[in-house]
Structure formats: C-alpha cells, structure tokens
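Readers should treat all values here as calculations from the given coordinates under stated rules, not as data from a laboratory. A quick note: this is a predicted structure, and the numbers were derived from the prediction, not measured. All Cβ positions, even for glycine, are placed from backbone atoms using ideal geometry, and neighbour counts span all protein chains on display.
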Amino acid sequence: MSGIYIHIPFCSKRCNYCDFYLVTNLDLISKFISSLKKEITLYSELVKENEFDTIFFGGGTPSILSADQIEDLLVHLAKSFKISKFPEITLESNPEDFLDKNPGEYRSAGINRLSLGVQSFINSELKFLTRQHTSEEAQTVIQNAFKHFENISLDIIYSLPSQTIEDLDLSLTKAIELGVSHISAYTLTYEKKTVLYKSFEKKLFEKNTDSREAELYNYVSEKLTGNGFEHYEVSNFAKENSRSRHNLKYWHYENYLGLGPSAHSFFNGKRWNNFNSISKYNSFLAVNDLPAEEQYEPDMDQKHLEYVMLALRSDGINFKRYRELFNEDFKVKFKKQISEIIKNNFALLDTYRFYLNENGYAIADEIISKYF
Ligand code: SF4
C-alpha cells in the first residue's frame, strides 16, 4: 500500500523558526486548489496500479482551507486514485483555526486524524516561537476536537533557550492529561535564513548545549513512555494502535506520492520533488505538465544508507524487508556491528528485527554513521 502527501503551502504568518516552503498570500488558495486537482488527475493514470491507504495534508497550514475545500479534494482523490477501504486521513492544523471553525465539519469531510501544532502549553514559550495561539486556546480547541475525533496528535517543540525541566514537564503533563493518543516532540532547530537564526546570531539568546539537549530529550522519552506511550521513532510517541500509519511509510521505505509545491515523492524506487514555487507549480499545471524536477533513482549504496537510517530511527531493521530490498541477510552481513552495538547496550535483536533501545535512540545518528 502507498501513501499520499499533500503540501498546502499557506500560512497566515510565518513563525520565526520555520523554513518550510509556504506563502502568506491567501488570495492564491483557489487557484492552487485547481492546480492541485489537475496534478491529481495527471498522476491518476501513472499510479493506477497502486492502492493508497494514507492521505496526509501537511504544510503550511492545511486547516486554513475550509472543510468544503478539503472535501472537494478528497472527492477528487477518490475519483482519481484507488483508495483503500479504511484510509488514515490526517489534517495538520493550527489551534487558532478551530477558534472559529468547527472541527466536526472536517470530520464529516473525511478527515479522521488531526495533528495539531500546539508546540507548548506555556504562553511565554509560544510567544518566543511567535505562534498565534495561547495555551488556553489550544486546550479549549483540543477538548472540543475530541467531540469529533478519537485520533489526535500534538506537535511539541522543546529545548527552547533557558527552558527548564519543569517547563517541559508542564507541557508534556498537559498533553497527557488532555488524552491525546500521539505526540511528536521535536527539538527547536535553528535553520539559516529564519528570523530565529538571525536573533541567535545577534546573540539575543543562547542555544542549549548538546548535553543539555540530551538531558531534555531523555526527559521527554521517560515522561511519555512512563505514561503509556510507545517510543516508536526518535521523535514520535504513540498510545496503543495510534502510530502514524502515514509516517511509517517514510520510515519503512514504502511508496509515497507527494503533491503540491515542494512535496517530495518516493515511488517505485525513484525520488523526485516538486518545484519550491507556487507560481512555477501553477504554470506547469496550466499546460498539463507535472510540476516536478527531474526524477532520479538512488544507487544501491544510497538506498542502503537511506533504509538503514530510516529504519533504525524508527522500529528497526526488519529482516524480511531488508531481504526484499537488498537480497541479502542483514544479520549475516552486519554480524560484527550488531554484536558490538548490542554489547554497548544501544540495541536489541529478536526473530524479526534489530532495533535501537532508548539509549540507542538518543544517539541514533552517531550509531548510523559509525557502523553503517
Ligand atoms: S504554522 Fe507551521 S508551517 Fe506555518 S509558519 Fe508556523 S511552523 Fe511554519
């Protein structure tokens, strides 16, 4: 089964730390929707052999679109692609959008999973991140969303400058108390060209050290695993049966088709990405051309590294999947590395897979670059 990612490149205002492709001119939305529908139609013939069981509206801020616009897109997708009987359909959303919109309308439109960009339950932290909602508003929106959705995920950003363990605990405790079934917890990153990075260069604040960041990371995983969440990817935690089926496609090296400006695709072994420009995106589709840069097929070494990296950062190297992809036995090929990593208490092995434990997750990137 394959997944569909749809990039909705609109936000009403850019947050200071964000470097995603997006525009703030919301007048472009209706033209974009026509282009997106055309892109879907163009792909319908190319992927007609494939069945899709996840659809993920990401961005940007997909909840900027109305429920009717989302429904229109879902109807068009269902007409154009083979969609499985029980797909997971996620809408990334900002809390402030549901202050005057009814989440129930999105549920009726077909969305069955909400991913809310809450980031923190502390107002001073939200202000630092230039978010447009308050902690109180986010709590009201989540409580209301539960009247319509069982499957709600929150994004939390941590390791803000001078954040204490108590601050972090407050946000995590609130997320747990609200009863969400999935939490994605990311460290704050300082991407060049962002306003946040410029403030850092001006020395307006100091970044956390690596060891402080590791301490906060360990706290996040202890707190969430201690409260019934499974740590199933370096930055992702889920209650039972609540893993993101869509994101698992990335980590399990499965097909996904990316639609919308800047979206990436990995399909039948090939990678490509759409142009990072809404005007270029629209103009290609106006003449029935796919708005994508050239495809390429990663060579075996690249594929190997990509798979090992994605798998070890999530639920591990699955031996069957490894054999399907590389026609080799992982346990034989990496016998020495496996035993050394296990001896150092960074990983575990069972009949089906080799996977990192909590110690290993904390230094996943180092393990991957040292051993693979
Ligand atoms: S809401 Fe999300 S996508 Fe939009 S600017 Fe903020 S971080 Fe970026």
Exercise for the section: State to the nearest 20 debye the size of the charge dipole of the chain about its Cα centre, where the only charges are +1 on K and R beta carbons and -1 on D and E beta carbons. Expected result: 500
Handout entry: Under the Karplus curve 6.51 cos²θ - 1.76 cosθ + 1.60, θ = phi - 60°, whole-Hz ³J(HN,Hα) for the range 202-213, x wherever Gly or Pro sits
Key = 7, 6, 6, 7, 10, 6, 5, 6, 4, 6, 5, 4
Fill in the blank from the handout: In whole Hz, the Karplus estimates of ³J(HN,Hα) for the range 26-39 (6.51, -1.76, 1.60; θ = phi - 60°; x where Gly or Pro) are 6, 5, 7, 4, 5, 5, 4, 5, 4, 5, 4, 5, 5, 4
Exercise for the section: Mind running the shape call on the range 230-311? Use the C-alpha gyration tensor, a ≥ b ≥ c as the square roots of the eigenvalues: rounded below 1.5 for a/c, prolate if a/b tops b/c, oblate otherwise. Expected result: oblate
Problem - Ratio Rg/Rh [Cα only; Rh per Kirkwood] for the range 216-372 - result: 1.05
Fill in the blank from the handout: Answer in debye to the nearest 20: the dipole magnitude of the range 244-372 about its Cα centre, from +1 Lys/Arg and -1 Asp/Glu charges placed on Cβ, is 380
Completion exercise
In whole Å, largest first, the alpha carbons of the chain cover along the principal axes 57, 50, 43
Fill in the blank from the handout: The farthest towards the positive end of the charge dipole of the range 2-251, of the residues 121, 232, 4, given +1 on Cβ of Lys and Arg and -1 on Cβ of Asp and Glu, is 4
Practice task
Pick out which of 19, 299, 68 has the largest mean-square fluctuation in a Gaussian network model of the chain, springs linking Cα atoms closer than 10 Å.
Solution key: 299
Completion exercise
Counting only DSSP beta bridges with both partners in the chain, the antiparallel fraction in percent, to the nearest 5, comes to 35
Completion exercise
Checking rank on 328-336, 346-354, with mean other Cβ inside 10 Å and highest first, the result is 346-354, 328-336
Problem - Whole-Hz ³J(HN,Hα) from phi, Karplus 6.51 cos²θ - 1.76 cosθ + 1.60, for the range 268-273, glycine and proline x - result: 6, x, 10, 10, 7, 9
Completion exercise
Sorting 244, 75, 178 by the position of each Cα along the dipole of the chain (Lys, Arg +1; Asp, Glu -1; all at Cβ), the one nearest the positive end of that ordering is 75
Completion exercise
For the range 126-197, the Kirkwood Rh over every pair of distinct alpha carbons, in Å, works out to 13.6
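Strictly greater than 19 Å: what percent of every Cα pair in the range 315-371 meets that?
Percent of Cα pairs beyond 19 Å in the range 315-371: 24.
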Exercise for the section: May I ask which of 31/85; 48/280; 303/370; 79/147 have a Cα-Cα span longer than 20 Å here? Expected result: 31/85; 48/280; 79/147
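Using the Cα gyration tensor of the range 171-291, with a ≥ b ≥ c the square roots of its eigenvalues, what is the shape: rounded (a/c below 1.5), prolate (a/b larger than b/c) or oblate (neither)?
It comes out oblate by the Cα gyration axes.
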